Amino acid sequence: MLKDIYYENPLITYDHIPIGICIINSNFNIIFWNRTLEAWTNIQREEVIFKNIFELFPHLQAPKYKARLKLMFEGRPPMVLSPMLNEYFIPIKDIDGKYQAQTVTLSSISTNETGSYNVIIAVENVATLFNKVQQYRMIKNQAIDELNRRTEAEEKLKEYTKKLELLNSTKDKFFSIIAHDLINPISAQYKLVKILKDNIEQFSKEDIIDIIDEIKNSASHTYKLLENLLTWSRSQLNKFSIHIEQHNLSEIIKLAANDISSQIVVKKISFYISENCNSTVCCDSNLLATVIRNLLSNAVKFTNYGGKISVSCRIDNDFTYIFVEDNGVGMDEDTLNNLFKLDKTQSKLGTNKEVGTGLGLVICKEFVEKMSGEVFAESKLGVGSKFTIKLPTCPN
């Protein structure tokens with residue numbers, strides 16, 4: 001009798017297809033188990049017939065499996081379980097003991113009773129295809145990783161190229177300063193000395209004094225240029241150490257201002273240091289004094305006779321701000337945008353035809369950044385300029 005039930009024509013055909021077929025009734029009992037499943041699982045048909053599928057395979061009691069099976073007993077459309085979301089439905093192992101990837105299709109099949117359904121579980125072994133897909137994904141991910149590495153390498157190469165271009169530009173500017181700004185005044189000194197030597201008997205005392213003054217001014221400019229070049233080159237090579245300590249800000253400002261006091265007096269400039277600068281600042285005192293001295297010297301250079309220069313300060317929880325402000329000739333936008341770039345600097349004559357080196361503001365930027373700060377400028381042509389030094393506030 002059992003033989004007639006399980007080997008009738010509609011079911012016997014399931015024994016000859018390369019797909020595992022299991023049929024269960026509404027009580028979750030297995031009523032058919034084809035030869036393919038026997039071969040894959042090493043479980044014979046007689047071992048599973050009329051046995052509860054949950055007893056044989058307890059993992060199927062998980063909601064994601066059991067709920068779907070219940071829906072099939074209601075005559076719902078077929079449902080596919082992909083190997084991407086489900087490791088396995090019926091456990092099938094390969095020769096290495098690993099579970100084979102499988103695609104499972106759940107389908108309702110009507111019984112002789114109206115409104116009653118059994119469920120066909122069709123298991124397709126897709127391990128080979130699944131492995132190929134996994135290999136493809138691995139290769140794709142490796143390709144993406146390699147592309148990302150190459151992209152990152154290209155970005156680094158671009159960054160290094162920019163740095164190299166900047167270094168080359170810096171080098172060119174450095175040699176330009178030496179070739180032009182240094183040779184010219186030395187050449188002028190040589191010519192003046194030669195003229196004086198060759199014609200000393202023909203010059204009056206006043207003429208000789210004038211020539212000596214010219215040589216003195218030229219030598220002074222050359223000295224300042226060499227000093228700035230040396231300071232800048234040492235900065236580039238990190239040849240000096242930085243000592244960040246607490247210092248009285250007002251004393252540093254006064255020390256810097258004292259070095260250019262004669263220039264302030266000659267041009268009859270009103271100079272003012274705000275009382276709010278009488279506080280503590282965290283810095284390297286020598287570097288900060290050099291920065292303020294350069295900014296004040298720059299302000300004096302481009303301020304007219306009888307002009308005004310002020311230094312004020314502001315301290316908040318995070319930063320100390322030092323403002324150097326003048327009512328001088330100011331700058332246009334192009335000059336303002338290129339102030340702190342060595343490859344863009346241009347030495348311009350001051351209001352009293354003072355000569356600069358073109359390195360002062362570059363050195364300011366270098367030194368402030370070495371103290372973990374920033375320096376920036378605001379200016380309006382014909383109105384004046386305002387330079388701001390921003391340094392981290394001393395920790396409590």
- Query: So if R0 is 41 Å, what FRET efficiency would residue 150 and residue 47 give, r being the distance between their Cβ atoms, rounded to the nearest 0.05?
  - Reply: 0.10
- Query: Along its principal axes, what span do the Cα atoms of the range 2-125 show, with the longest given first and each in whole Å?
  - Reply: 44, 31, 24
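Could you list 147, 192 in order of exposure, starting from the residue whose Cβ has the fewest other Cβ atoms within 10 Å?
147, 192
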- Query: So what J values fall out for the range 259-273 if you push phi through Karplus, 6.51 cos²θ - 1.76 cosθ + 1.60 with θ = phi - 60°, rounded to Hz, Gly and Pro as x?
  - Reply: 5, 10, 4, 5, 5, 5, 5, 4, 8, 6, 8, 7, 10, 9, 10
- Arrange 247, 16 by Cβ neighbour counts within 10 Å, fewest through most, would you? 16, 247
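Can you tell me the length gained on complete extension of the stretch residue 19 to residue 201, counting 0.36 nm per residue apart and subtracting the Cα distance?
Result for the pair: 53.4 nm of gain on full extension.
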- The correct pair for the range 270-330, radius of gyration to one decimal and Dmax as a whole number, both in Å and from Cα atoms, is 12.5, 39
- Note on the structure: Given pairs 301/386; 301/370; 191/216; 267/308 and cut-off 19 Å on Cα-Cα distance, the over-length ones are 301/370
- Message: Given 37 °C and 0.692 mPa s, compute D for the range 242-396 with the Stokes-Einstein relation, Rh being the Kirkwood radius over Cα pairs; round to the nearest whole µm²/s.
- Response: 211 µm²/s
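All of the numbers you see were taken from the coordinates with simple rules; none came from a lab. All figures in this text were calculated on a predicted structure; none of them were measured in a lab. When we count neighbours, we look across all protein chains shown, and the Cβ atoms used for this are built from the backbone with ideal geometry, even at glycine.
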